[in-house]
1. Tell me, which residue of segment 48-57 that is in a strand (DSSP E or B) and open to solvent by 40 Å² or more (accessible area, probe 1.4 Å) is nearest to residue 142 (Cα to Cα)?
2. Just one of the numbered conditions (1) open to solvent by 90 Å² or more (accessible area, probe 1.4 Å); (2) at pLDDT below 90; (3) under 21 Å from residue 25 (Cα atoms) is not true of residue 146; which one?
3. Which residues, counting only those in segment 93-130, are assigned to a helix (DSSP H, G or I) and open to solvent by 90 Å² or more (accessible area, probe 1.4 Å)?
4. Would you be able to say whether some residue in segment 54-67 is closer than 12 Å to residue 28 by Cα and modelled with pLDDT of 95 or more?
5. So which residues in segment 1-47 are open to solvent by 60 Å² or more (accessible area, probe 1.4 Å), more than 15 Å from residue 97 (Cα to Cα) and not in a helix (DSSP H, G or I), if there are any at all?
6. If the requirement is being surrounded by fewer than 18 Cβ atoms within 10 Å (Cβ to Cβ), touching a residue at least 12 places away in the same chain (Cβ under 8 Å) and charged (D, E, K, R), which of these qualifies: 62, 76?
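The values are calculated or read from the model by the stated rules, or taken from the named source; none is laboratory data. Remember, it's a predicted structure, so these values are computed and weren't measured experimentally. A quick note on method: Cβ atoms are made from the backbone with ideal geometry, for glycine too, and the neighbour counts reach across all protein chains shown. For accessibility, only protein heavy atoms count, side chains too; no ligands or nucleic acids. Shrake-Rupley method; radii C 1.70, N 1.55, O 1.52, S 1.80 Å.
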Amino acid sequence: LAGKKMVALDCEMVGTGPKGHTSSLARCSIVSYSGDILYDEYIRPPCKIVDYRTKWSGIKKEHMINATPFKVARREILKILLGKIVVGHAIHNDFKALHYFHPKPLTRDTSRIPILNSRAGFPENESISLKRLTKQLLQQDIQDCRAA
């Protein structure tokens, strides 16, 4: 039963606004507890993209050609998240880009789980990057530009 009520969320942002300092949603991926892809779309922000942040986001100009408009994507995404436990890393950034507040009791932020940090050998109260946690706990390299 818990599996039906839990999803993992990850969003990629691009820079909009003055000097590209505003983070705007450009891709959203949601998977089920069992790993099935529930949503994975490129999303066109309502504002002009100033910085694609490709090194971190993987987003390129060509991804925006057939991208889903933000308002449409947001409606589809929120429909999936409604009533679910949502897991993500530093997930407040993803919710902010979605212009959304998810109920705290239904949110699991892997950047704020002390036992994950301690098992990985990091101080419990620090926010450790997903890249470093994954390397320590799973012996996996992620977010490696050379692997792309």
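1. 51
2. So residue 146 meets the others, but not (3).
3. Within segment 93-130, the subset assigned to a helix (DSSP H, G or I) is 93-97, 104-106, 110-112, 114-119, 130.
Scanning segment 93-130 gives 96, 104, 105, 112, 115, 119.
4. Yes; the residues of segment 54-67 include at least one that is closer than 12 Å to residue 28 by Cα and modelled with pLDDT of 95 or more.
5. If the condition is that a residue be open to solvent by 60 Å² or more (accessible area, probe 1.4 Å), more than 15 Å from residue 97 (Cα to Cα) and not in a helix (DSSP H, G or I), then 1, 33, 34, 36, 37, 38, 40 are the ones that fit.
6. Checking each option against the conditions leaves just 76.
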